[in-house]
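> Attaching a single structure in structure tokens format; questions to follow.
The values are calculated or read from the model by the stated rules, or taken from the named source; none is laboratory data. Since this is a predicted model, take the numbers as computed values, not measurements. Here the Cβ positions follow ideal geometry from the backbone for every residue, glycine too, while neighbour counts run over all protein chains shown. When the accessible area is computed, the model is the full protein with side chains, heavy atoms only, and any ligands, DNA or RNA have been set aside. Shrake-Rupley method; radii C 1.70, N 1.55, O 1.52, S 1.80 Å.
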Amino acid sequence: MDQTFLADVFGPCDKCSKEKPLRPVYIKSEQLSYCSLCVEMMATEGLRENETLASLKNEAESLKGKLEEERAKLHDVELHQVAERVEALGQFVMKTRRTLKGHGNKVLCMDWCKDKRRIVSSSQDGKVIVWDSFTTNKEHAVTMPCTWVMACAYAPSGCAIACGGLDNKCSVYPLTFDKNENMAAKKKSVAMHTNYLSACSFTNSDMQILTASGDGTCALWDVESGQLLQSFHGHGADVLCLDLAPSETGNTFVSGGCDKKAMVWDMRSGQCIQSFETHDSDINSVRYYPSGDAFASGSDDATCRLYDLRADREVAIYSKESIIFGASSVDFSLSGRLLFAGYNDYTINVWDVLKGSRVSILFGHENRVSTLRVSPDGTAFCSGSWDHTLRVSVGGSYFGCFFLSFFDCLKRGGEREGCYRKIDDKSD
């Protein structure tokens, strides 16, 4: 991200009571505000004789090295080698079918409704807009109390939206058929962080919501009461993105942030169960593979990467020497065979997940692509940009209609021809 946010606040320290710049500290899930001196003192409590923080860091690095060695022993084959028997996709053409205009500044986030038609978007202009993607009409618009509305999400029922940003809060707005109704009057403030809200996502119901923040934490909240149900601590810097596992009983989610880490969390215990640190810069976007067995990430290091959760390692890197700008957003096609990635060079690249090759590039945006999501039925995708617009695009062939996932292809050894079904592009 290209903006800097001040994380510290000034006030009385909860430990020494002196008026100083404070940092949030979590002790047994309870948030306290300590000054930097008290944080250092707390970190050194319980050290044995001749132990220092430096020695503990060295020990941790040594353990990390041994863990990587054990992972490497299981690294017997590359994904693209296994995929050699699978037929290549070839090139295909994508076309923009709708352009949604109405924001007065950079579009920062968007999400599809489950009805596969409506879209919610948020912008630096401080507005959240609900669109009809078929007609391009605006159905609802909300003006937030701050600019930089960095996160928005549709509820599974389609009856509410959530959003937030520099106000440090996640607010939920119920949607009605009355377009003239004052939505702000029904706003419900659900989540409160100590720094900006970077991402939010409803769980499998309208009653709980996950949030990520610049304060380095993620949190699970009860929408009705606003109660904090679980907090997730482990990132060493701003958390920029999260994604919920695609399962009806999904109890895990993945997050990425400025510490270059992608972390998988157990929502029930609040513990990190897997961690990956192979990117060279901020992780801007994470997205689960449709089966939930893997996830992709996009980073400012100009690469997208695929991590297999069962193998507990990175299995593919999607990059080219000609791509030097960061990837801001990623998403899979419905089958998982394609990976869509929006970049800061104004383009959207489409990657063959199995082969690791780029199969298409979409131009059209006039500034960096900040957000991208495939529709729930897989027939289109929507991208938002700093050029103030959103574009709904479809593919001329192959797109969204693979009836075998690539994991199925691997299981069958690629023996069945046509791991995808072509569709004719006859629509306007």
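> Quick check: at a probe of 1.4 Å, how many percent of the accessible area of the stretch 93-407 sits on carbon and sulfur atoms?
After summing per-atom areas, the C and S share lands at 47 percent.
> Follow-up. Among 81-89, 150-158, how do they line up by average Cβ neighbours within 10 Å per residue, starting with the highest? Working shown, then result.
Values: 81-89: 15.4, 150-158: 21.6.
Per-residue Cβ counts within 10 Å, averaged per peptide and sorted highest first, yield 150-158, 81-89.
> Mind ranking 321-330, 287-296 by how tightly packed they are, going by the mean number of other C-beta atoms within 10 angstrom, highest first?
287-296, 321-330
> Compute the accessible area per residue over the stretch 93-407, keeping the other protein chains in place, probe 1.4 Å, unit Å².
35
> Report the Stokes-Einstein translational diffusion coefficient (µm² s⁻¹, integer) for the stretch 93-407, Rh taken as the Kirkwood radius over Cα pairs, at 10 °C with viscosity 1.306 mPa s.
83
> Step through the residues of the stretch 164-174 one at a time and calculate ³J(HN,Hα) from phi using the Karplus curve (6.51 cos²θ - 1.76 cosθ + 1.60, θ = phi - 60°), rounding each to whole Hz and writing x for Gly and Pro.
Here the 3J(HN,Hα) series is x, x, 6, 7, 6, 10, 10, 10, 10, 10, x Hz.
> Kindly flag which residue pairs out of LYS114/LYS187; LYS15/LYS169; LYS18/LYS127; LYS18/LYS261; LYS187/LYS261; LYS106/LYS188 have an alpha-carbon separation exceeding 31 Å in this structure.
Checking Cα-Cα distances, LYS18/LYS127; LYS18/LYS261; LYS187/LYS261 exceed 31 Å.
> On to the next question. Does the stretch 79-214 come out rounded, prolate or oblate by the C-alpha gyration tensor, with a ≥ b ≥ c the root eigenvalues, rounded set by a/c under 1.5 and, if not, prolate when a/b is larger than b/c and oblate if not? Walk me through the numbers before you get to the answer.
Working: a/c = 1.94, a/b = 1.51, b/c = 1.28.
Here the stretch 79-214 falls in the prolate category.
> Now, a different point. Rounded to whole Hz and in sequence order, give me ³J(HN,Hα) for the stretch 111-125 from the Karplus expression 6.51 cos²θ - 1.76 cosθ + 1.60, θ = phi - 60°, writing x for Gly and Pro.
Going residue by residue, I get 8, 8, 7, 5, 6, 6, 10, 8, 9, 10, 9, 10, 9, 5, 7 Hz, with x marking Gly and Pro.
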